[in-house]
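Reading through the structure tokens given below for one structure.
The values are calculated or read from the model by the stated rules, or taken from the named source; none is laboratory data. As the structure is a prediction and not an experimental result, all values here were calculated from the model. For neighbour counting, all protein chains shown are included, and Cβ atoms are generated from backbone atoms with ideal geometry for every residue, glycine included.
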Amino acid sequence: MSDILLGLVGFGIIFLSAALMGALTALRRKSPLAFREIHAFTRMRQAIGRVVEDGTRLHVSLGRGALITPQSASAFAGLTLLQRLAELTSAGDQPPIATSGDAALAILSQDTLKTASQASAQGAYDPSAGRLTGLTPFSYAAGAIPAIHDENISTNVFMGNFGVEAALLVEAAERANTFTLAASDDLAAQAVLYASVQEPLIGEELYAAGAYMDAGPLHTASLRVQDILRWLIIIVILVGALVQLLRAVGIL
Amino acid sequence: MKFKGVFSTVVAIAFGFLVLAGYLFGVNADGSPSTLGQLQLFILNVAVILAGIAVIVGIFNLLFVHAGKIRQKQKGAIYSVILIIALLMTFMFGLLAHYDLPVARSLFNDAFLSIQLPIEASLMALLVVTLTYASIRLLRRRLNLLSVIFLATAFLILVGTAPWPFLGDVPILSNLRSWIAQIPAAAGARGILLGVALGTLTTGLRILFGSDRPYGGRNG
């Protein structure tokens, strides 16, 4: 397939997704959509309630997805969740903290926390709440662990691009007896998180966080678009397999 | 939304569309880069430079957070002192090494090879213990069919990969390992990766629509 044809196919997929997102956002305003229950998000809502009641702190770790790499999507999903959670905990005594392993991501987390604090009644913003804890995977984990232990954290959310070092982070969170929700776009990290976390999110569930936390109508619509595209991919794979089979037996 | 917010949103969306168009239509029919392709490359180069500057800002942030810990005499402030001293010394060695000072170059390399590398390797070793412990706890925490399959698969892969004492390679185990890795595990991994790719696509579109604005503005 030539580069131009590939470009056109890519453009077609993106245009279709965008059109579906726009249409479903408009439709959703008329009839709200219902999703399957993901237990992790239900428990997170309860944990957020406890953060506000107890006067404890929320910690969101955004991983190390650099913004100029494809892993930035998981980091952006984490930032969306950070903003939503910061809004939900704005009535609490202590503002949330965000740790990350990428410098640009740390700056964006500061900006997100600042925006959320400006929207809250208290309006207090602590510039040290958005932190860069390290630039290599293990130094990032080693830098984030003291925050989990020493800053009166009761809820830990790990959402973004993590590798296997995520096991050290979630182990620290579990030892501190806190609620832990974790998700990564990395396959190895997902396996590690499945084994070590109370509430792991697998695969595309990471990107569903905004929709489940009421971050906006476009988040809800994007979940539906993912479902539609998934069905399209399934049909394409089945048709492709059928065509190959028919070719193999000499019918095509 | 304030003017600053509108401006940053417009800039982000415009550059997002330009980079996307560069990916889709960045090459001419003869294989040479098109104007969009060149523009995309230029924007990405600027982004790399900005990411480099962000690292400097991030290191200052790290410095200020730990200086704050020391000032407030928080728990573990001694580690912050060590971090700041190590940071400043490594920075100084790096700077001097840049000007071809042999001693500084050697010290700069030693800081990585004799301190950072062994520490990170130790953390990796610690990870093995952590994961073994987590696997044992998994059955206590979530005793269901999926957890049993997960652990059984991990165990089979492990025994199929490592050579056995006195027996060496056991063909039945290594064949089973290859079958698990190449068929059910690869199929599952591709399924998960397709889900991740779709999630990435919709996240990117939300940013292009200006719905998610992590650069200074409320999402919505």
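Taking the condition of a type in the set (Phe, Trp, Tyr), part of a helix (DSSP H, G or I) and exposed (fewer than 15 other Cβ atoms within 10 Å of the Cβ), does residue B:60 pass? Write out each step before concluding.
Values: of a type in the set (Phe, Trp, Tyr): yes; part of a helix (DSSP H, G or I): yes; exposed (fewer than 15 other Cβ atoms within 10 Å of the Cβ): yes.
Against the criterion (of a type in the set (Phe, Trp, Tyr), part of a helix (DSSP H, G or I) and exposed (fewer than 15 other Cβ atoms within 10 Å of the Cβ)), residue B:60 qualifies.
Is it the case that residue B:52 is modelled with pLDDT of 90 or more and assigned to a helix (DSSP H, G or I)? Can you show your working first?
Values: modelled with pLDDT of 90 or more: yes; assigned to a helix (DSSP H, G or I): yes.
When the stated conditions are applied, residue B:52 passes them.
Enumerate the pairs (first residue in segment A:180-196 and more than 9 Å from every other protein chain (Cβ to nearest Cβ); second residue anywhere and of a type in the set (Asp, Glu) and buried (at least 24 other Cβ atoms within 10 Å of the Cβ)) with beta-carbon separation below 9 Å, excluding pairs fewer than 6 apart on the same chain, so at least 6 apart or on different chains.
A:189/A:165
Do you know which residues across segment A:157-179 are of a type in the set (S, T, N, Q) and either within 10 Å of chain B (Cβ to nearest Cβ) or under 24 Å from residue A:55 (Cβ atoms) (or both)?
So the first thing to find is which residues in segment A:157-179 are of a type in the set (S, T, N, Q), and the list is A:161, A:177-178.
Of everything in segment A:157-179, those that are of a type in the set (S, T, N, Q) and either within 10 Å of chain B (Cβ to nearest Cβ) or under 24 Å from residue A:55 (Cβ atoms) (or both) turn out to be A:177, A:178.
Looking at the structure I just gave you, is residue A:134 more than 9 Å from chain B (Cβ to nearest Cβ) and either in contact with a helix residue (DSSP H, G or I) (Cβ under 8 Å, 6 or more places away or on another chain) or buried (at least 18 other Cβ atoms within 10 Å of the Cβ) (or both)? Spell out the reasoning first.
Values: more than 9 Å from chain B (Cβ to nearest Cβ): no; either in contact with a helix residue (DSSP H, G or I) (Cβ under 8 Å, 6 or more places away or on another chain) or buried (at least 18 other Cβ atoms within 10 Å of the Cβ) (or both): yes.
It is false that residue A:134 is more than 9 Å from chain B (Cβ to nearest Cβ) and either in contact with a helix residue (DSSP H, G or I) (Cβ under 8 Å, 6 or more places away or on another chain) or buried (at least 18 other Cβ atoms within 10 Å of the Cβ) (or both).
Does residue B:154 satisfy the condition of being within 14 Å of chain A (Cβ to nearest Cβ), in contact (Cβ under 8 Å) with a residue 12 or more places away in the chain, out of contact with any Leu (no Cβ under 7 Å at 6 or more places or on another chain) and farther than 25 Å from residue A:135 by Cβ?
Values: within 14 Å of chain A (Cβ to nearest Cβ): yes; in contact (Cβ under 8 Å) with a residue 12 or more places away in the chain: yes; out of contact with any Leu (no Cβ under 7 Å at 6 or more places or on another chain): yes; farther than 25 Å from residue A:135 by Cβ: yes.
Yes.
From the set of residues in segment A:83-106 that are in a helix (DSSP H, G or I) and over 20 Å from residue A:146 (Cα atoms), which is nearest to the other protein chains (Cβ to nearest Cβ)?
Narrowing segment A:83-106 to residues in a helix (DSSP H, G or I): A:83-88, A:103-106.
Now narrow it down to the ones that are over 20 Å from residue A:146 (Cα atoms): A:83-88, A:104.
Details: A:83: 6, A:84: 8, A:85: 12, A:86: 11, A:87: 9, A:88: 13, A:104: 4 Å.
The selected residue is A:104.
Is it the case that segment A:55-67 has a residue that's at positive phi, surrounded by 13 or more Cβ atoms within 10 Å (Cβ to Cβ) and not charged (D, E, K, R)? First the steps, then the outcome.
From segment A:55-67, those at positive phi are A:55, A:63; that's our starting set.
Next cut, surrounded by 13 or more Cβ atoms within 10 Å (Cβ to Cβ) only: A:63.
This time we only want the ones that are not charged (D, E, K, R), so: A:63.
The answer is yes; a qualifying residue exists.
Could you grab me the full set of residues in segment B:63-76 that are free of Cβ contacts under 8 Å to residues at least 24 places away in the same chain, part of a helix (DSSP H, G or I) and not β-branched (Val, Ile, Thr)?
At the first step, the residues of segment B:63-76 found to be free of Cβ contacts under 8 Å to residues at least 24 places away in the same chain are B:64-76.
Add one more test, that the residue is part of a helix (DSSP H, G or I), and what stays is B:64-71.
Hits for segment B:63-76 are B:64, B:66, B:67, B:68, B:69, B:71.
Considering only segment A:138-156, I want to know if a residue exists there that is more than 11 Å from chain B (Cβ to nearest Cβ), under 24 Å from residue B:146 (Cβ atoms) and under 19 Å from the mean Cα position of the chain (by Cα).
Yes: one or more hits.
If you scan segment A:48-63, which residues turn out to be farther than 9 Å from residue A:93 by Cβ and among the small types (Gly, Ala, Ser)?
Within segment A:48-63, A:49, A:61, A:63 qualify.
Counting only residues that are more than 14 Å from the chain's Cα centre (by Cα) and crowded, with 24+ Cβ neighbours inside 10 Å, which one in segment A:78-96 is farthest from residue A:173 (Cα to Cα)?
Narrowing segment A:78-96 to residues more than 14 Å from the chain's Cα centre (by Cα): A:86-96.
Now restrict to residues that are crowded, with 24+ Cβ neighbours inside 10 Å: A:86, A:96.
On the way: A:86: 19, A:96: 15 Å.
Looking at the filtered set, the residue picked out is A:86.
So, in segment A:104-128, how many residues would count as being of a type in the set (A, V, I, L, M), modelled with pLDDT of 90 or more and either touching a Pro at 6+ places or on another chain (Cβ under 8 Å) or within 14 Å of residue A:160 (Cβ to Cβ) (or both)? Walk me through how you get there before you give the answer.
In the first step, residues of segment A:104-128 are kept if they are of a type in the set (A, V, I, L, M); the result is A:104-108, A:113, A:116, A:119, A:121, A:124.
So of that shortlist, the ones also modelled with pLDDT of 90 or more come out as A:104-108, A:113.
Narrowing the set further to residues that are either touching a Pro at 6+ places or on another chain (Cβ under 8 Å) or within 14 Å of residue A:160 (Cβ to Cβ) (or both) leaves A:104-106, A:108, A:113.
Counting residues in segment A:104-128 that are of a type in the set (A, V, I, L, M), modelled with pLDDT of 90 or more and either touching a Pro at 6+ places or on another chain (Cβ under 8 Å) or within 14 Å of residue A:160 (Cβ to Cβ) (or both) gives 5.
Just name the residue that is farthest from the other protein chains (Cβ to nearest Cβ) out of those in segment A:207-233 that are of a type outside the set (A, V, I, L, M) and not in a helix (DSSP H, G or I).
Residues of segment A:207-233 of a type outside the set (A, V, I, L, M): A:207, A:210, A:212, A:214, A:216-217, A:219-220, A:222, A:224, A:226-227, A:230-231.
Adding the requirement that they be not in a helix (DSSP H, G or I) leaves A:214, A:216.
Numbers: A:214: 11, A:216: 5 Å.
Filtering first and then ranking leaves A:214.
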